[in-house]
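Notes for the one structure printed next.
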Amino acid sequence: MSVIKHKDQRVGVLIDVQNMYHSAKNLYNARVNFREILKTAVGGRKLIRAIGYVVTTESGEEKAFLEALEKAGIEIKSKELQIFPGGMKKADWDVGLAVDAFELSKKLDSIILVTGDGDFVPLVEYLKGQGQQVEIIAFAKSASGKLKEVADDFTDLSKRSSQYLIKTNKRSR
């Protein structure tokens, strides 16, 4: 992996919030410290935009969480959880995140995807083919091997999990 990082580099951070939330919950029974992840992602460079993609519920129980993301400097893009007849649920921002990555790539030197979702492999390959530097930040244990392979840089949050996790005593959320 060849990656260039310098203080004048313009970066955008796109966060697959659901992916990170479920990874932290399933691997560590903890919540994600998105403020620390954003700090690591930017790494002293020029942050142009940080966007968190979230799915909301009718109950609105995630309101405090969304406010915390905004206080951390993360713009929120949300859509409601779809519940189909029969009970099947769909909560997915892959296309929206990909479209934003494509659009923002014209204004950035590096795009940082905070996700382990292998569905983004074609996006990473496309962006790199356009000359874009693409970095991935995720927990290695739950990240797609192919995604890690195609990225210019991969940051494994597991290596310093105490920095990126907020322990919770609650059994589930």
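The values are calculated or read from the model by the stated rules, or taken from the named source; none is laboratory data. The model shown is predicted, which means the values in this text are computed figures rather than measured ones. Glycine gets a Cβ as well: all are built from the backbone with ideal geometry, and neighbour counts include every protein chain shown.
Annotations for the structure displayed:
- Single match in S162, S158 (criterion: polar (S, T, N, Q), over 20 Å from Q18 (Cβ atoms) and in a helix (DSSP H, G or I)): S162
- Whenever a residue of segment 30-43 is of a type in the set (S, T, N, Q), its partners that are surrounded by fewer than 23 Cβ atoms within 10 Å (Cβ to Cβ) and in a strand (DSSP E or B), lying with C-beta atoms within less than 8 angstrom and at least six residues away or across chains, give the pairs N33/L165; N33/I166; T40/T155.
- Remark: pairs (first residue in segment 89-103, touching a residue at least 12 places away in the same chain (Cβ under 8 Å); second residue aromatic (F, W, Y); Cβ separation under 7 Å; 6+ apart in sequence or on different chains) = W93/Y53; G96/Y53; L97/Y53.
- Matching residues in segment 124-147 - criterion: being over 14 Å from the mean Cα position of the chain (by Cα), more than 24 Å from R35 (Cβ to Cβ) and assigned to a helix (DSSP H, G or I): E125, Y126, L127, K128, G129, G145, K146
- For the residues S158, S142, S162, the requirement of being of a type in the set (S, T, N, Q) and touching a Phe, Trp or Tyr at 6+ places or on another chain (Cβ under 8 Å) singles out S158.
- Residues of segment 33-54 that are farther than 11 Å from S110 by Cα, modelled with pLDDT of 95 or more and of a type in the set (A, V, I, L, M, F, W, C): F34, I37, L38, A50, I51.
- In segment 101-120, the qualifying residues are those that are surrounded by fewer than 18 Cβ atoms within 10 Å (Cβ to Cβ) and not acidic (D, E), and the one that is nearest to N26 (Cα to Cα) is G118.
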